[in-house]
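Before any comments, here is the structure.
The values are calculated or read from the model by the stated rules, or taken from the named source; none is laboratory data. This one's a predicted model, so the numbers in the text were calculated from it and none came from an experiment. Cβ placement follows ideal geometry from the backbone for every residue including glycine, while neighbour counts extend to all protein chains displayed. Remember, those area values only see protein heavy atoms, side chains included, never the ligands or the DNA or RNA. Shrake-Rupley method; radii C 1.70, N 1.55, O 1.52, S 1.80 Å.
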Amino acid sequence: MIFTVAIDGPAAAGKGTISRAVAARFGFAHLDTGLLYRAVGVLGGDPAQAARCLRPEDLTRADLRSLEAGQAASRVAAIPEVRAALVDFQRRFARRQGGAVLDGRDIGTVICPEAEAKLYVTASPQVRAHRRWCEVGGDEAVVLAEVQERDARDMGRADAPLRPAQDAVILDTSAMTIDEAVDRAVAVIAARRGEHRRG
Ligand code: CDP
């Protein structure tokens, strides 16, 4: 059975939490594609070369979740050679047997336009910054500025800019608890699975 769930959206919208919960609920494999770009960003050197030579252990580094790694990720993510080097791995993951959930910025638009279920998870910048601040601490105004700077870069780049796929279901989680957001996502995917099975 091949079934891809594409979950895209801006920084700290809740994609990771929703993706992990959905993957567990349906027994699908999960790939946080942001980790690929974060790893390339922190490795240094020539980013395109780093992307071509990425190893599994690079994705388990302890420093990938920092604000600095997020900024480094969004800078290298604008380089077309970096994105090109990561496409095949993500596509193979998406179409693996048994089902897959991928979260990122361009999963439903570029990596897997044929995904059976697409969600665009978003929330207001203030809500997203507050959630990220609860994870990383520090000065909340600095976290908000970081989130907004990264969103602007991700939406404004020429190659694979962040935007909802035409056929994505938009999930604005600003006023939802995480449980509500997960329930909504599960309902959307369950409906698509039903159509897929009948199809
Ligand atoms: O967790 P958060 O939403 O803050 O970020 P992330 O998903 O780990 O992504 C970090 C950065 O990698 C983003 O700001 C994007 O610039 C880039 N990225 C991308 O360009 N395409 C993806 N599929 C995933 C991440």
As an exercise: evaluate Ala84 against (1) within 18 Å of the chain's Cα centre (by Cα); (2) away from the ligand (no atom under 13 Å from the Cβ); (3) open to solvent by 20 Å² or more (accessible area, probe 1.4 Å) and give the number of the one condition it does not meet. (2)
Condition (residue is of a type in the set (A, V, I, L, M) and within 15 Å of the ligand (Cβ to nearest atom)) applied to the stretch 183-191: is it met by at least one residue? no
Here the residues within the stretch 182-199 that are loosely packed, with under 15 Cβ neighbours inside 10 Å and under 15 Å from Asp103 (Cβ atoms) are none
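Only one of these is part of a helix (DSSP H, G or I), within 13 Å of the ligand (Cβ to nearest atom) and open to solvent by 50 Å² or more (accessible area, probe 1.4 Å): Glu68, Glu57. Name it. Reasoning before the result, please.
Working: Glu57 fails: within 13 Å of the ligand (Cβ to nearest atom).
It is Glu68.
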Return the residues of the stretch 106-142 that are aliphatic (A, V, I, L, M) and either under 19 Å from Asp154 (Cβ atoms) or surrounded by fewer than 20 Cβ atoms within 10 Å (Cβ to Cβ) (or both); say none if nothing qualifies. Ile107, Val110, Ile111, Leu119, Val121, Ala123, Val127, Ala129, Val136, Ala141, Val142
Of everything in the stretch 87-101, what is buried (at least 17 other Cβ atoms within 10 Å of the Cβ) and either among the small types (Gly, Ala, Ser) or near the ligand (Cβ under 8 Å from one of its atoms) (or both)? Give them in sequence order. Gln90, Ala94, Gly99, Ala100
Report, by residue number, each residue of the stretch 1-18 that is buried (at least 24 other Cβ atoms within 10 Å of the Cβ), within 7 Å of the ligand (Cβ to nearest atom) and either without any contact (Cβ under 8 Å) to a residue 40 or more places away in the chain or part of a helix (DSSP H, G or I) (or both). Lys15
Report the residue count in the stretch 113-150 for those that are within 11 Å of the ligand (Cβ to nearest atom), more than 15 Å from Ser66 (Cβ to Cβ) and in contact with a helix residue (DSSP H, G or I) (Cβ under 7 Å, 6 or more places away or on another chain). 3
What are the pairs, 6+ residues apart or on separate chains, where a residue within the stretch 19-36 that is in a helix (DSSP H, G or I) and more than 16 Å from the ligand (Cβ to nearest atom) has its Cβ under 6 Å from a residue that is aliphatic (A, V, I, L, M) and open to solvent by less than 30 Å² (accessible area, probe 1.4 Å)? Arg25/Val186
The lone exception for Ala181 - which of (1) under 18 Å from Ala115 (Cα atoms); (2) hydrophobic (A, V, I, L, M, F, W, C); (3) part of a helix (DSSP H, G or I); (4) touching a Ser or Thr at 6+ places or on another chain (Cβ under 8 Å) it fails: (1)
As an exercise: evaluate Ala21 against (1) open to solvent by less than 10 Å² (accessible area, probe 1.4 Å); (2) of a type in the set (Gly, Ala, Ser); (3) modelled with pLDDT of 95 or more and give the number of the one condition it does not meet. (1)
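Examine the stretch 139-152 for a residue that is more than 24 Å from Val76 (Cα to Cα) and touching a Ser or Thr at 6+ places or on another chain (Cβ under 8 Å), and state whether such a residue exists.
First pass over the stretch 139-152, keeping only residues more than 24 Å from Val76 (Cα to Cα): 139-141.
Next, from what is left, pick out any that are touching a Ser or Thr at 6+ places or on another chain (Cβ under 8 Å): none.
No, every residue in the stretch 139-152 fails to be more than 24 Å from Val76 (Cα to Cα) and touching a Ser or Thr at 6+ places or on another chain (Cβ under 8 Å).
Can Val101 be described as in a helix (DSSP H, G or I) and either free of Cβ contacts under 8 Å to residues at least 60 places away in the same chain or closer than 14 Å to Thr33 by Cβ (or both)?
Considered against the rule, which asks whether it is in a helix (DSSP H, G or I) and either free of Cβ contacts under 8 Å to residues at least 60 places away in the same chain or closer than 14 Å to Thr33 by Cβ (or both), Val101 comes out as no.
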